[in-house]
Amino acid sequence: MRKKLICSLLCVSVAISMITGCGGNGSSPSSLTDGSEAGSKEEASSDGGDEAGSETEVVTTTGDANGTHFDMWTFVEMHSQFYSNMVQKWNEENPDKTIEVTFTTYPYADMHNKLTLALQSGEGAPDLCDVEVGQFPNFLQGEVQFKELNGFMEPYAKDIVQSRIDLYSKDGKNYGVPTHVGATVMFYNTKILEQYGIDYTGIKTWDDYTEAGKQLADASEGKVMMTSVDTAGTDWLSLSMAEWGEDWTDAEGIADVTIDSVNKMLTMQQGWLEDGIAMVSPGGHVDMEEGYANVADGNIASFPKAMWFMSRFLNYMPEMTDTWAIAPCPVYEEGQNRSVGIGGTGTVVTNQCENGYLAAEFLAWAKLSEEGEKKIWEDLGFDTCNTAIWTDKSITEDTSNKYISYFKTNPFDTLNEIKDEIGIVKVVRMTPAIGEVFNNTTLNAVLEDGQDVTEALQEAQDNVSLEQ
């Protein structure tokens with residue numbers, strides 16, 4: 001037991017180092033987070049969006065004191081507020097099986113460490129818990145200590161993006177309810193681009209994007225760059241892998257980080273830096289305080305990020321309303337996938353829950369029902385896993401919605417355009433180790449120090465192989 005416990009803690013600590021590598025000072029989500037969820041700390045949120053990950057422990061209780069009581073842990077306070085609203089709605093609609101939930105919001109690392117210890121010891125775990133996507137593989141090792149949720153999710157499955165369900169599954173059994181799709185899109189500063197005579201709607205490929213970048217650099221005399229590249233996050237690489245249909249790992253979970261899609265993206269980014277088309281993101285990541293400031297100051301005209309980044313604009317750049325457009329990402333060759341799902345949080349029912357059936361029934365309804373999905377969009381600003389929401393005109397054409405009114409283009413127009421082109425990069429046991437190598441060493445070597453890409457990737461592979 002002690003050996004198993006130490007191994008689990010080591011896995012958690014490696015995964016956390018990857019998250020902090022992506023988020024830098026912890027003020028923003030990692031490339032694997034919901035974004036929305038940890039966001040300004042993992043949603044400002046990974047699934048979140050704009051919710052800030054908690055820095056202190058916060059405890060609240062909601063619901064019917066005479067109903068079934070549950071304890072739930074999360075690492076984003078905005079998540080607990082969402083669930084609290086859904087508890088009230090559940091009790092209104094189910095007076096015969098009301099519930100009361102005590103929510104405890106912990107700092108990100110503390111919560112995942114505490115959950116690991118509780119599951120390993122067999123006591124002290126909550127009934128329900130949010131688990132960030134980058135951490136989830138650690139909890140699928142060996143005998144899974146979460147309740148299987150297939151039957152509870154089945155009534156909603158026909159409208160749910162299957163790849164988001166697969167993220168939290170093992171051997172055909174689902175153990176986590178997803179929060180959002182995290183579809184990656186390109187954000188364009190239309191005011192800058194129009195000022196320098198660039199039409200972003202004509203950008204279809206990375207060659208188009210590169211040419212637009214050169215035009216911008218020349219027209220602005222180097223004052224504005226097309227984008228910034230990250231040295232502390234792998235989102236750009238995930239997008240490239242999705243476009244080429246590649247992945248860090250094969251079906252057996254064996255990693256190969258020297259794949260062509262990663263090499264192509266890093267080689268292209270090196271060229272951008274050399275030609276003055278791009279800069280390295282301040283602080284290493286666009287999703288950090290330094291990154292927000294760089295965007296707000298008009299130093300870059302575009303960047304790719306998951307849809308949950310919309311909340312960052314409203315939280316950190318509210319004055320830039322009616323400036324930014326949302327569009328599909330460029331591709332290497334037309335016909336490739338133009339997006340990839342990034343980030344996420346899978347919510348679980350632990351095997352220590354005494355009323356697991358009711359807990360699972362509530363959880364699936366709260367997050368996957370039409371009512372729950374609408375609240376996820378309205379409250380959290382996430383691109384919902386239920387794609388039926390994407391064509392509901394009462395939602396998609398609601399100009400009073402803060403997200404729809406902020407952007408130059410309607411977010412749902414882009415979502416529906418790329419609906420069938422959202423690729424996935426698996427999150428598996430090796431993912432944390434890969435992230436640690438790239439975020440701590442490889443990306444800096446290539447983008448800051450100019451190391452040969454092929455050489456740097458082989459060195460990364462050698463390091464990753466030590467963990468296999």
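We did not get these values from a lab; they are worked out from the coordinates using the rules stated. All of these numbers come straight from a predicted model, not from anything done at the bench. Ideal geometry is used to build each Cβ from the backbone, glycine not excepted, and the neighbour counts take in all protein chains shown.
Annotations
- Distance from region 194-222 to region 372-449 (C-alpha centre basis), Å: 24
- Across region 206-223, coupling constants 3J(HN,Hα) worked out from phi with the 6.51/-1.76/1.60 Karplus curve, θ = phi - 60°, read 5, 5, 4, 5, 5, 5, 5, x, 5, 4, 5, 4, 5, 5, 8, 6, x, 6 Hz, and Gly and Pro carry x.
- Percent RCO, i.e. relative contact order, over region 82-184, from Cα pairs under 8 Å lying at least 6 residues apart: 16
- Gained length - Lys214 relative to Lys191, 0.36 nm times residue gap less alpha-carbon distance: 6.5 nm
- Proximity of backbone amide H atoms, modeled 1.01 Å from N, is registered between Thr234 and Ser31 at under 5 Å, excluding neighbours fewer than 5 places apart on the same chain.
- Once the C-beta distance of Ser465 and Asn351 is scaled by a Förster radius of 35 Å, the resulting FRET efficiency is 0.55 to the nearest 0.05.
- Label-point separation in nm, Asp199 to Glu143, each point 7 Å along Cα→Cβ: 6.4
- The chain: calculated mean residue ellipticity at 222 nm from DSSP helix runs of at least 4, using -39500 (n - 2.57): -11500 deg cm²/dmol
- Projecting the Cα positions of Pro107, Thr249, Asn401 onto the charge dipole of the chain (unit charges on Cβ atoms of Lys, Arg, Asp and Glu, taken about the Cα centre) puts Pro107 furthest along the positive direction.
- Summed residue charge, Cβ within 11 Å of Phe412's Cβ, Lys/Arg positive, Asp/Glu negative: -4
- Computed from backbone phi, the HN-Hα couplings of region 149-165 come to 10, 3, x, 6, 8, 4, x, 10, 5, 4, 9, 9, 5, 4, 4, 6, 5 Hz, rounded to whole numbers (Karplus: 6.51 cos²θ - 1.76 cosθ + 1.60, θ = phi - 60°; Gly and Pro given as x).
- Positive contributions from Lys and Arg (+1) and negative ones from Asp and Glu (-1), summed over other residues with Cβ under 10 Å from the Cβ of Ser281, come out at -3.
- DSSP bridge orientation in the chain - percent antiparallel, rounded to nearest 5: 65
- Listed values for region 93-108 are Karplus-derived 3J(HN,Hα) couplings in whole Hz (6.51 cos²θ - 1.76 cosθ + 1.60, θ = phi - 60°), namely 8, 10, x, 8, 8, 6, 9, 10, 10, 9, 9, 10, 9, 9, x, 3, and x replaces Gly and Pro.
- Gyration tensor verdict on region 345-416 (Cα atoms; rounded if a/c is under 1.5, prolate if a/b is larger than b/c, oblate otherwise): prolate
- Summarising the amide proton neighbourhood of Val340: residues at separation of 5 or more, or on other chains, whose placed amide H is nearer than 5 Å comprise Thr184, Gly423.
- Peptide packing: for 320-328, 435-443, the average count of neighbouring Cβ atoms within 10 Å per residue gives the ranking 435-443, 320-328, highest mean first.
- Between the listed residues Ile389, Gly356, Met317, the Cα displaced farthest toward the positive end of the dipole of the chain, a dipole computed from Cβ unit charges relative to the Cα centre, is found at Gly356.
- Region 276-427, relative contact order in percent, only Cα pairs under 8 angstrom and at least six apart counted: 29
- Per residue, the convex hull spanned by the Cα atoms of the chain amounts to 127 cubic angstrom.
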